[in-house]
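Only the coordinates and a few stated rules stand behind these numbers; no lab work does. Keep in mind it's a predicted model, so treat the numbers as computed, not measured. No Cβ is skipped: glycine too gets one built from the backbone with ideal geometry, and neighbour counts run over all protein chains shown.
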Amino acid sequence: MSTIIIVGGGIGGLSTAIAMRQQGCEVSVFEQTSELREIGAGLSVWPNATRVLSQFGLLPEVLNRSEVIERLQLRTWKGELLSDIKTVADFETPSVCIHRSDLLSILAEQIPQRCINLGERLESFTESDGVVVASFSSGRKVEGQALIGADGLNSTVRAHILGPSKPIYRGYWACRGIADFTLEKQEAHTATETWGSGQRFGLEPMGRGRVFWYATANAPEGQLGDQLGWKDELREKFKHWHKPIPEVIEATERDAILKHDILDRQPVRCWGKGRVTLLGDAAHPTTPNLGQGACMAIEDALVLSQCLMQKGEIPSRLRKYESLRFKRTGYITRESRRAGRIGQMENALAVTLRSLWLKTLPSFLVDKIHRSYYAFEV
C-alpha cells in the first residue's frame, strides 16, 4: 500500500500514524500549525484508550509522565459524597491523568520527522485513477491511496465531504487549568467532580505536584468575557465550595486558564466518500463530560488501521471502519451530552432530587454504566 495522507497532527492524527506504521504502511501527516502542540491542560485517558496505547507499546512512557487514577468520586458543592467508584477494578490497563502536550510528545516521538509536515493547511482534495490528490496552502500537491481527516471539530475535510455546518452549543462553558498544588493524602489517585446548581468543578492529580482542574457554568453562547477576568469570575462562582476548590483556583496562574464554549454535533453515519474518511472530533465530536474525546480518537486509529489491512478495495475498507465505529461513538456522544444535562441542572428541586437519586443508585448499576464506557475493547 502506498502513502496514507493524514490531515491533522493532534492526538487522533498521530495515533493513526503510529497504528498505520505498525501495520507496515507509509504515512504523511500534515499539520497546519508550525509546530506540533496541544493547546490544553490535563487529559483523562481511561482504560479503553490506555489498552490501545499498551498495544502501541507506549503505556510505560505514558505512566512515567502521568498519574494513575484509582477512584472517581462525585460530591455536592458542600463536599457531601454522592458516589465513589473504583476505576482500577479488574481492567487490564489503568486510568491516568496526563498533560495533553505530554501525550502528544509521546506519540510524536514514535513517528520519523520525514513523515510529519508542518505549516501545511489543506485547501482541497480530488480523487481519480485510484489515488487521492491533496492540495495545500503552500502550493504542494500530495498523492496517496487514502486521506484521513483528523483535523478536529471544525474539520476542513468534513466540510468538503458533508458541506459546512456549525457545531451545536450545549448551554455552558468550561474553564480548564493546571495548578502546582499538593492534594491531601486521601485525595491522591482520586478524580473528583463536584456538582452545584448549573455549575461543576473537577479535580484530577497529574503527578509531580500538579493538579488538573476544570469548571463549568451555564451561560449564553459566546459570552466568555476577557481572559484577564476569568480567574476573578471563578473565584466568585466557587468561593463557598468545599476545599480545596477555592485554594486550587488561587494556586493557578491567571494566564494559564483556558475557557471555551462546550460544543458537539449530532452523530451522523456518513463520515467519508471514496478514499476519504474522518476520525476523532472531525467525525464525532463529543462534549468532555465522560473524558472520552481523545479516547475515541485513539480507538478510531486502531480500528482504522485494522480495516485498511483487510482485503478488498480501499473505499470498502473505509466504509467498514465507519460502520464499525458509528454505534460506539454515537453512544458515547449521546451519553456524554446526557451527563452534561444532568450535571448542569440548576432548578433547586431538580438538584435536590438529583443528589437523592445518586446516593441511592445501586453500586452494581453505577459500575455497569461505567463499564459501558471504559471496558470497551477494540
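Taking every DSSP bridge with both residues inside the chain, close to 70 percent are antiparallel.
Would you mind checking the tilt of helix 11-22 against the longest principal axis of the Cα atoms of the chain, expressed as 0 to 90 degrees and rounded to 10? Between helix and principal axis, roughly 50 degrees. Across the cross-link table entries 239/259; 166/239; 86/243; 78/359, which are compared at the Cα atoms, the separations over 25 Å belong to 166/239. Taking the fewest neighbouring Cβ atoms within 10 Å as the starting point, the ordered list for 228, 258, 279 is 228, 258, 279.
A DSSP coil position with no more than 15 other Cβ atoms inside 10 Å describes the following trypsin sites (Lys or Arg not before Pro) in region 40-97: 78.
Taking 7 Å steps out from each Cα toward its Cβ at residue 135 and residue 208 produces label points 4.4 nm apart. In a fully extended conformation the segment linking residue 313 and residue 359 would gain 11.3 nm over its present Cα-Cα distance, using 0.36 nm per residue.
So between residue 331 and residue 239, what do we pick up on full extension, going 0.36 nm a residue minus the alpha carbon distance? Full extension of this stretch gives 29.5 nm more. Gain on full extension, evaluated as 0.36 nm per residue between residue 168 and residue 143 minus their Cα-Cα distance, stands at 5.6 nm. Of all the options 32, 55, 199, the one that moves most in a Gaussian network model of the chain with Cα springs shorter than 10 angstrom is 55. Taken about its Cα centre, the chain carries a charge dipole of roughly 1020 debye when the Cβ of each Lys and Arg holds +1 and the Cβ of each Asp and Glu holds -1. By DSSP, the beta bridges lying fully in region 1-114 are antiparallel in about 75 percent of cases.
Against the longest alpha carbon principal axis of the chain, how many degrees, from 0 to 90 and to the nearest 10, is the axis of helix 348-360 turned? Value to nearest ten degrees: 80. Loop-located GluC sites (Glu not before Pro) across region 81-173 with a Cβ neighbour count of 14 or fewer within 10 Å are 92, 109, with loop assigned by DSSP.
Taking the number of Cβ atoms within 10 Å of each Cβ as an exposure proxy, the fewest-first ranking of 300, 84, 281 is 84, 281, 300. Toward the positive end of the charge dipole of the chain, with +1 on the Cβ of Lys and Arg and -1 on the Cβ of Asp and Glu, the farthest Cα among 220, 186, 32 is that of 220. Across region 95-102, computed HN-Hα scalar couplings (Karplus, 6.51 cos²θ - 1.76 cosθ + 1.60, θ = phi - 60°) run 8, 9, 10, 9, 5, 4, 5, 5 Hz from first to last residue, x flagging Gly and Pro.
Of the chymotrypsin sites (Phe, Trp or Tyr not before Pro) found in region 161-218, none is in coil by DSSP with at most 14 other Cβ atoms within 10 Å of its Cβ. Other residues whose C-beta falls under 11 angstrom from the C-beta of residue 118 contribute a net charge of -1, scoring Lys and Arg +1 and Asp and Glu -1.
Using only Cα atoms, tell me the angle between helix 363-374 and the longest principal axis of the chain; keep it within 0 to 90° and round to the nearest 10. For 363-374 against the chain, the angle is about 30 degrees.
Report the residue, chosen from 148, 342, 314, that carries the largest GNM mean-square fluctuation when the chain is represented by alpha-carbon nodes joined by springs under 10 Å. Among 148, 342, 314, the largest mean-square fluctuation in the Gaussian network model of the chain belongs to 342.
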